[in-house]
Each structure stands twice: as C-alpha cells, then as structure tokens.
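Below is one structure, written out as structure tokens; the observations come after it.
Please treat every number below as a calculation from the coordinates, not as lab data. A quick note: this is a predicted structure, and the numbers were derived from the prediction, not measured. Here the Cβ is made from the backbone with ideal geometry for all residues, glycine too, and neighbour counts use every protein chain on show.
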Amino acid sequence: MTEQQQEASEDAVMTRIGQAIILLHAGDREEARNRLGDIWREIGEEGDALHRCTLAHYMADAQDDPADELAWDLRALHAADGLRQEPITLPLPKPHSAVRVFYPSLHLNLAADYVKLRRPEAARIHLARARAATGALSDDGYGDGVRAAISRLELRLGSGPDEGRPGPFPGQP
C-alpha cells in the first residue's frame with residue numbers, strides 16, 4: 001500500500017473513532033460502545049498504538065461496569081506506552097512524540113477507576129503519577145481541565161500534591 005493510501009486508511013479509522021466519540025458525548029453510550037467495539041475488533045490488540053490508545057480511552061468512558069472501565073483504561077495506558085517505544089523518525093509522521101500529554105489524563109482515569117472499585121492505594125498511586133506528568137500539559141483549556149480534575153480527586157481522597165502521605169480513603173476509617 002502506498003504511503004498516501006496508508007495515511008488515508010489511518011485517517012478513516014480516527015474519523016470513525018471520532019464519530020463514536022460524538023455519540024458518546026451525546027449520551028448514546030450503547031451505540032458508541034458498539035461502534036468502538038467494532039473498530040477494536042478490526043484493529044486488534046496489535047493495531048496502530050495511537051488508534052488503540054484513543055479508542056480504549058473513550059471505550060472506557062462508555063462502560064457501565066467500573067471493572068470494565070478499568071480494563072479499557074489499562075489498555076489505553078498500555079497502548080500509550082507502545083507509542084512511547086516506537087522509533088522516532090524525522091520528520092515525525094504522527095503526533096507520537098507528543099504522547100507525554102496523554103499520561104496525566106490516562107493516570108487520572110485509572111485513579112478514578114480505582115476509587116470506584118474502592119482500591120484507595122492503587123488510586124493514590126495513579127493520582128500521583130497523573131500529578132507528576134502534568135508538566136507535559138499546556139496552559140490551555142485541556143491542560144487546565146486535567147489539572148483541575150486531578151486537584152478535585154486529590155481533595156476527594158484527602159491528599160494533595162505536596163503532602164508526603166495521603167489521607168484516608170472516603171468511606172473508610
């Protein structure tokens with residue numbers, strides 16, 4: 001396949017993922033989950049890491065069961081790790097070099113998953129990783145939103161970015 005055909009094919013996958021995300025944000029979780037599931041079956045566990053990361057990140061949001069949400073968020077993190085390990089060529093063909101910007105949100109989502117599953121230590125670990133990765137975020141709406149969400153979860157867990165030992169988990173003595 002020529003390079004142009006490959007790029008067009010990859011753009012088509014991202015377009016389809018984007019269409020499913022629109023459904024998710026519009027409140028049609030079931031249809032979004034179905035479409036994302038179809039795409040996942042097409043690209044598979046070994047497909048393009050950027051596609052897998054993006055799809056898994058949003059598939060987690062479409063889940064009703066917190067354990068399923070955690071599984072998809074872990075897939076997204078694994079795919080992001082795969083992006084980081086791909087060889088860098090110049091000029092950069094994809095935004096893979098910017099993968100660091102994904103980590104605050106990915107770890108924040110995992111922390112939130114562990115809160116739902118009442119696993120406070122795992123939540124605190126990923127929350128600390130999310131906070132540590134915020135240096136990759138820009139000073140824009142997205143970056144501000146992720147930082148604010150991290151702060152809210154830190155408050156909920158009774159811990160802050162500068163405290164050495166996190167406080168008690170909500171609902172536990």
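If we count every other residue with Cβ under 12 angstrom of D61's Cβ, Lys/Arg +1 and Asp/Glu -1, where does the sum land? Within the 12 Å Cβ shell, the charges total -3. For G143, the shell of other residues with beta-carbons less than 14 Å away shows a net charge of 0, using +1 for Lys and Arg and -1 for Asp and Glu.
The length gained by stretching the chain between D144 and E46 to full extension, at 0.36 nm per residue less their Cα-Cα distance, is 32.0 nm.
A protection proxy built from the mean count of other Cβ atoms within 10 Å ranks the segments 18-24, 31-37, 49-55, 62-68, most packed first, as 49-55, 31-37, 18-24, 62-68.
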